[in-house]
Amino acid sequence: MNRLLAWLVKAILWLRYRVRITGLGAVTARGRSGILFLPNHPGLIDPVIVTSHLYGPFKVRALADRRQIDRFFIRWLARRIGVLPIESLADAGAAAGQEVRRTIAAVADALRKGDNIILYPAGRAYQSRLEDLGGASAVQTILKELPDVRVVLIRTRGLWGSAFTRASGTEPDVGRIVRRGIVTFLLNGIFFGPRRRVDITMAEPDDLPRSADRRTLNRYLETF
């Protein structure tokens with residue numbers, strides 16, 4: 001059932017995005033379990049794109065901002081595919097710290113059991129054209145707990161500037177974007193609307209500074 005849902009989401013996304021993935025074969029050749037996927041996060045739509053394309057080969061689970069998935073249908077879909085909700089420190093501040101730590105501990109436990117996890121190192125979508133991890137510590141915490149866990153980096157390009165990003169300087173209004181998108185599809189004909197090119201690159205680097213300090217690790221991820 002979940003694989004069918006992932007296929008349906010990919011089919012819907014196909015109407016708007018031309019997605020090309022590089023490096024998937026090399027990752028699957030080394031095994032399909034116990035992988036920590038670390039993507040960049042240009043906008044609110046890339047988690048949907050990445051998760052739907054990785055669910056088939058890896059049956060991934062993802063961490064997601066509790067506020068962003070608390071929406072009609074998305075709420076049900078998130079529960080269905082085992083999304084791990086996490087509070088946004090940017091929204092909830094220090095009060096959310098204890099819950100965040102519990103969630104990160106649950107991620108480490110899931111990886112030990114062989115689950116595949118998508119974790120966004122910055123914990124939020126791009127605030128500007130380039131990703132800034134700041135003092136984010138989730139990746140460092142997990143690598144200290146699981147120093148030998150497989151880590152796959154994911155770079156998504158082609159989305160910055162779209163309606164789902166903050167390129168305009170304001171937080172995207174998902175409901176309005178979806179409604180406007182439906183109207184656009186109907187006006188252009190469902191299969192004849194413009195499609196945005198999205199390139200996804202996957203890499204499992206040998207030189208990842210696993211034991212480095214937080215600043216060094218985060219800078220490495222930002223550079224990728």
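Take the chain with all the other protein chains still there, run a 1.4 Å probe, and you get 55 Å² of accessible area per residue.
Over the chain, what percent of the accessible surface lies on carbon and sulfur atoms, probe 1.4 Å? C and S fraction of accessible area: 55 percent.
From the gyration tensor of the Cα coordinates in the chain, what semi-axes in whole Å does the equivalent ellipsoid have, largest first, with each one equal to sqrt(5λ)?
Each semi-axis is the square root of five times an eigenvalue, giving 28, 20, 18 Å.
Straight-line cross-link reach from LYS113 at under 23 Å between alpha-carbon atoms covers these lysines, not counting any fewer than eight positions away in the same chain: LYS59, LYS144.
The values are calculated or read from the model by the stated rules, or taken from the named source; none is laboratory data. Just so you know, these numbers come straight off a predicted model, no measurement behind them. All accessible areas refer to the heavy atoms of the entire protein, side chains included, with ligands and DNA or RNA removed. Shrake-Rupley method; radii C 1.70, N 1.55, O 1.52, S 1.80 Å.
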